[in-house]
Amino acid sequence: MRPDEISAAIRAKFPQVKEEAGTNYIIVPKESILEVSEYIKNPPLSFDNLHCITGIDRKEKIEVIYTLYSIGEHYGVTIKINLTSEDLNIASVSAIWKSANWLEREVYDLFGVIFSGHPDLRRILNPYDWQGYPLRKDYSNPQLIAKPRL
Amino acid sequence: MVVIEKIPGAELIRKVPGGGFFLTTSESFLKWGKASSLWPMTFGLACCAIEMIATGAPRFDIDRFGAGVFRASPRQCDVMVVAGTICVKMNDCIRRLYAQMPEPKYVIALGNCAISGGIFYYDTYSVTKGTESLGIKVDVFIPGCPPRPENLLFGLMKLQEKIRREKDAAR
Amino acid sequence: MDATQTKDIYTEEFLINMGPQHPSTHGVLSLELTLDGETIVECTPHIGYLHRSMEKIAENRTYTQFIPFTDRLDYVASMNNNLGYVMVVEKLLKLEISERAKYIRVIIAELNRIASHLIAIGTFAQDLGAFATPLFYCFREREKIVEIFDQLCGNRLTYNYMRIGGVLTDFSRDIEEKIKKFIKYMRPKVDDYDWLLTYNAIFLARSKHIGVLSKEMAVNYSITGPNLRASGVKWDLRKDEPYLAYDKFEFDVPVGKNGDAWDRYKVRIEEIRQSLRIIEQAIEALPQGDVAVKVGRIHKPSPSETYFRTENPRGELGFYIVSDDSVYPYRLKIRSPSFSNLAVLPELVRGLKVADIVCVLGSFDILMGEIDR
Ligand code: SF4
């Protein structure tokens, strides 16, 4: 299946899912992440491999990006979820894909996105008593000396 | 070390069959022993650790300088080679390891990261800027990213020199 | 035994910390073990002792300036990391590189794969108690590769050789000869390892049926690289999503049967053989031409997002780059293979003995620089 076909297949099933303009990334409203995940994990789409979870701080919102692949079928899909800075709660998919466990912890550690239903949501890279979320654009720390820009 | 030529009667001693002996002060003897059996701690932090292992491997063979016995326990070590980037999470651990080493103890800071933070000086929130900022006194700094094994050997020789020049052998 | 005695004799679980300074944790990894006697009840890895905030650094470096940092990610396979990064930037810039550069990249990446697997094998054997000898053998062979790289780009560990648009320098005649010589030298050495180590009775006893990772679990945990193939999944990006010139070469993808520690080791040995095959074909067919496209050092891609992954010695290394209107990336995410590979450890070691944890960990060939970034 080509990326646009995958995106069309998911959108046919879930009308609330959108496609990002210019790409084949699909944008899922945060309420429906669990049911979409459940659906695409199983055949016919069978995305059995949650490869990567990324956060991006867009200042007014935080995007969480899931990169998924299917080992058997040789295709992939990228799912995007937009979170407003007021409400950073999102359902955890770690019950569906085990790899999400650490990947979600990392996003929590660096961006402060709260994955509800996660079995063990602690910081992972930074010390457990660390303050702040370092990869947010407005993060500051006396340790951090910025390199002069070009 | 006092060599045989320098003492009166050296000629006589030579004449004794199978003869020849050796005089030294106990102090320099102690220093000689200390300098030629520096046991480093296996303490790889980051990239530089690979070069430290390579120095221990056959081609460079750190054993020639008596420093090839890498010990895993700090209690059996004489020299701590800080090989790699020190991160904030690791700070306390390094201090504790250093405290656990018995005297006399020496520290080699291997690589730019262990000296000052190196390539990770700017823009990081989680890298400690050098071993000395932890309050650990460093004896030999070896710059490089990573330093070549030859550099580590040179640094080791410098440390041996330093030990031989020490005023107080019982340190 | 009467009642008073049983009251006195009792067992309880106890906690033990392994690491962060431990000779067999392959860097600064800390494992919190709950033990019942010698048996592991629970194992919790604590990582982050080498968290150097690479992703934050990337936001304040130009695309070219970040290449040296990728060296320090997975410092045993620096070339492969360089490759993964420059390829994602090239994809972002929609840059085509010359045929010769592609071939050179393949040769160099495969050479570094061999070097990396050698360290994996050596340290694994050392973890199992074959003290120093296999490690020294492996380092002896690795030195030959390092020497080639040293001549090529002037450093032994952090090469910074792959550049956006090609590679740093062309091969000299000398280097081609050296690589050919190395292939001849290496082939019998791999057989030696088989002969000395692979079928050694003690080695087999220590590593067979230890830490069995099933197919489903491996995929579900997003395990990649040799560890995935050892579980019997035939998945190799070089074959399944060929990049560079990998589709032009003949090579097999070795897979394991049981997914135990020995299989993971064996897959690496076989991969060395396959890498040698690839290098041999590539160096024979090395086309003429430029090695680098002339592009400036400052790149300004249009705002977009790209993800690209390459097959690293440890698994699939992915970079997710978000560009905005400036010369700096807006966000760079590094998807490191070891990070996902380590996450499965607690599942595998439950019920094993303490000595086996070292075996399982060693067979996964993790590297802290890449896990913590
Ligand atoms: S000095 Fe360079 S090679 Fe050494 S640990 Fe730091 S970054 Fe790595």
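The values are calculated or read from the model by the stated rules, or taken from the named source; none is laboratory data. Please read all numbers here as calculations on a predicted model, not as lab measurements. No Cβ is skipped: glycine too gets one built from the backbone with ideal geometry, and neighbour counts run over all protein chains shown. Heavy atoms of the whole protein, side chains included, go into the accessibility calculation; ligands, DNA and RNA do not. Shrake-Rupley method; radii C 1.70, N 1.55, O 1.52, S 1.80 Å.
Assess whether B:Arg71 counts as being under 23 Å from A:Ile124 (Cα atoms), more than 14 Å from chain A (Cβ to nearest Cβ) and touching a residue at least 24 places away in the same chain (Cβ under 8 Å). Steps first, please.
Numbers: under 23 Å from A:Ile124 (Cα atoms): no; more than 14 Å from chain A (Cβ to nearest Cβ): yes; touching a residue at least 24 places away in the same chain (Cβ under 8 Å): yes.
Against the criterion (under 23 Å from A:Ile124 (Cα atoms), more than 14 Å from chain A (Cβ to nearest Cβ) and touching a residue at least 24 places away in the same chain (Cβ under 8 Å)), B:Arg71 does not qualify.
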Exercise. Just for the range B:10-56: of the residues that are open to solvent by 30 Å² or more (accessible area, probe 1.4 Å) and within 25 Å of B:Arg96 (Cβ to Cβ), which one is modelled with the lowest pLDDT?
Worked result: B:Thr42
Exercise. Is there any pair linking a residue in the range A:78-102 that is part of a loop (DSSP other than H, G, I, E, B) to one that is β-branched (Val, Ile, Thr), with Cβ under 8 Å and at least six apart or on different chains, and which?
Worked result: A:Ser85/A:Ile62; A:Leu88/A:Ile62; A:Leu88/A:Val113; A:Leu88/A:Ile114; A:Val93/A:Ile33; A:Lys98/C:Val344
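Would you point out the residue of the range C:153-176, among those that are more than 16 Å from the ligand (Cβ to nearest atom) and among the charged types (D, E, K, R), that is most open to solvent (accessible area, probe 1.4 Å)?
Our first condition is that a residue be more than 16 Å from the ligand (Cβ to nearest atom); within the range C:153-176, this holds for C:162-176.
Checking which are among the charged types (D, E, K, R) leaves us with C:163, C:170, C:173-174, C:176.
Details: C:Arg163: 74, C:Asp170: 67, C:Arg173: 167, C:Asp174: 76, C:Glu176: 29 Å².
In this case the residue turns out to be C:Arg173.
Tell me which residues, restricted to the range C:133-147, are open to solvent by less than 20 Å² (accessible area, probe 1.4 Å) and within 10 Å of chain B (Cβ to nearest Cβ). Give the derivation first.
Of all residues in the range C:133-147, those open to solvent by less than 20 Å² (accessible area, probe 1.4 Å) come to C:135, C:138-139, C:141-143, C:145-146.
The answer is C:Leu135, C:Cys138, C:Phe139, C:Arg142, C:Glu143, C:Val146.
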For this session: Kindly list, by first and then second residue, each pair from a residue in the range C:304-319 that is within 8 Å of chain A (Cβ to nearest Cβ) and in a strand (DSSP E or B) to a residue that is small (Gly, Ala, Ser) and crowded, with 24+ Cβ neighbours inside 10 Å, limited to pairs with Cβ atoms under 8 Å and residues at least 6 apart or on different chains.
Result: C:Arg309/C:Gly84; C:Glu316/C:Gly225; C:Gly318/C:Gly84
Seminar exercise, completed: The correct count of residues that are surrounded by 15 or more Cβ atoms within 10 Å (Cβ to Cβ) and within 14 Å of chain A (Cβ to nearest Cβ) in the range C:195-231 is 14
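Among helices (runs of 4 or more DSSP H) lying entirely in the range C:172-245, which contain 2 or more residues that are more than 18 Å from the chain's Cα centre (by Cα)? Spell out how you get there, then give the answer.
Numbers: elements: C:173-193, C:201-207, C:215-220, C:226-230, C:237-240.
Counting at least 2 such residues, we get C:173-193, C:201-207, C:215-220.
Answer with yes or no whether A:Ser46 is farther than 25 Å from C:Leu332 by Cα, within 12 Å of chain C (Cβ to nearest Cβ) and out of contact with any His (no Cβ under 8 Å at 6 or more places or on another chain).
Values: farther than 25 Å from C:Leu332 by Cα: yes; within 12 Å of chain C (Cβ to nearest Cβ): yes; out of contact with any His (no Cβ under 8 Å at 6 or more places or on another chain): yes.
Spelling it out, A:Ser46 is indeed farther than 25 Å from C:Leu332 by Cα, within 12 Å of chain C (Cβ to nearest Cβ) and out of contact with any His (no Cβ under 8 Å at 6 or more places or on another chain).
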Exercise. How about the range B:83-171: which helices (runs of 4 or more DSSP H) wholly inside it have at least 1 residues that are buried (at least 19 other Cβ atoms within 10 Å of the Cβ) and away from the ligand (no atom under 16 Å from the Cβ)?
Worked result: B:91-100, B:149-165
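Within the range C:283-303, can you find the residues that are more than 14 Å from chain A (Cβ to nearest Cβ) and surrounded by 14 or more Cβ atoms within 10 Å (Cβ to Cβ)?
Taking the range C:283-303 first, the residues more than 14 Å from chain A (Cβ to nearest Cβ) are C:283-295, C:301.
Scanning the range C:283-303 gives C:Ile283, C:Leu286, C:Asp290, C:Val291, C:Ala292, C:Val293, C:Val295, C:Pro301.
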Exercise. Can you pull out the residues in the range C:327-373 that are open to solvent by 10 Å² or more (accessible area, probe 1.4 Å) and part of a helix (DSSP H, G or I)?
Worked result: C:Ala343, C:Pro346, C:Glu347, C:Leu348, C:Val354, C:Ala355, C:Asp356, C:Val358
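So which residues in the range A:49-61 are touching a Phe, Trp or Tyr at 6+ places or on another chain (Cβ under 6 Å) and more than 10 Å from chain C (Cβ to nearest Cβ), if there are any at all? Write out each step before concluding.
Just the residues of the range A:49-61 that are touching a Phe, Trp or Tyr at 6+ places or on another chain (Cβ under 6 Å), to begin with: A:49-51, A:53-55.
Once the filter is applied, which keeps residues that are touching a Phe, Trp or Tyr at 6+ places or on another chain (Cβ under 6 Å) and more than 10 Å from chain C (Cβ to nearest Cβ), the range A:49-61 yields nothing.
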Problem set entry | Residue in the range C:275-282 that is crowded, with 17+ Cβ neighbours inside 10 Å and assigned to a loop (DSSP other than H, G, I, E, B) present | no
Exercise. Tell me, which residue of the range A:39-59 that is open to solvent by 10 Å² or more (accessible area, probe 1.4 Å) and in contact with a Leu (Cβ under 8 Å, 6 or more places away or on another chain) is farthest from C:Glu55 (Cα to Cα)?
Worked result: A:Tyr39
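Okay, residues lined up against (1) within 23 Å of B:Val127 (Cβ to Cβ); (2) not small (Gly, Ala, Ser):
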| residue | (1), (2) |
| --- | --- |
| A:Asn82 | no, yes |
| A:Asp87 | no, yes |
| A:Ala91 | no, no |
| A:Glu104 | no, yes |
| A:Asn126 | yes, yes |
| A:Gly132 | yes, no |
| A:Asp138 | yes, yes |
| A:Leu144 | yes, yes |
| A:Pro148 | yes, yes |
For this session: Return yes when C:Asp150 is within 16 Å of the ligand (Cβ to nearest atom), surrounded by fewer than 22 Cβ atoms within 10 Å (Cβ to Cβ) and within 14 Å of chain B (Cβ to nearest Cβ) and no when it is not.
Result: yes
Exercise. Just for strands (runs of 3 or more DSSP E) wholly inside the range C:1-101: which have at least 2 residues that are over 26 Å from C:Glu316 (Cβ atoms), within 14 Å of chain B (Cβ to nearest Cβ) and of a type outside the set (Ser, Thr, Tyr)?
Worked result: C:14-18
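Quick grid of which residues meet (1) at pLDDT 85 or above; (2) within 21 Å of A:Ile124 (Cα to Cα); (3) open to solvent by 50 Å² or more (accessible area, probe 1.4 Å):
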position: C:Asp2; (1), (2), (3): no, no, yes
position: C:Lys7; (1), (2), (3): no, no, yes
position: C:His22; (1), (2), (3): no, yes, yes
position: C:His26; (1), (2), (3): no, yes, no
position: C:Glu32; (1), (2), (3): yes, yes, yes
Exercise. Quick one: how many residues across the range B:114-146 are of a type in the set (D, E, K, R) and away from every other protein chain (no Cβ under 11 Å)?
Worked result: 3
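If you go through the range A:109-138 one residue at a time, how many are within 13 Å of chain C (Cβ to nearest Cβ) and buried (at least 16 other Cβ atoms within 10 Å of the Cβ)? Lay out the reasoning, then the answer.
Pass one, the range A:109-138, residues within 13 Å of chain C (Cβ to nearest Cβ): A:109-111, A:119-120, A:122-130, A:132-138.
Those still in the list that are buried (at least 16 other Cβ atoms within 10 Å of the Cβ) too: A:109-111, A:123-127, A:130, A:133-136.
Of the residues in that region, 13 qualify.
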For this session: Please tell me if B:Gly135 is of a type outside the set (A, V, I, L, M) and within 27 Å of C:Asn160 (Cβ to Cβ).
Result: no
For this session: Looking at (1) under 21 Å from C:Arg373 (Cβ atoms); (2) crowded, with 22+ Cβ neighbours inside 10 Å; (3) touching a residue at least 60 places away in the same chain (Cβ under 8 Å), find the lone condition where C:Leu111 falls short.
Result: (1)
Problem set entry | Residue pairs meeting the criteria (Cβ under 6 Å; at least 6 apart or on separate chains; first more than 16 Å from C:Ile47 (Cβ to Cβ), in the range C:346-357; second of a type in the set (Asp, Glu) and surrounded by fewer than 17 Cβ atoms within 10 Å (Cβ to Cβ)) | C:Lys353/C:Glu38; C:Val354/C:Glu38
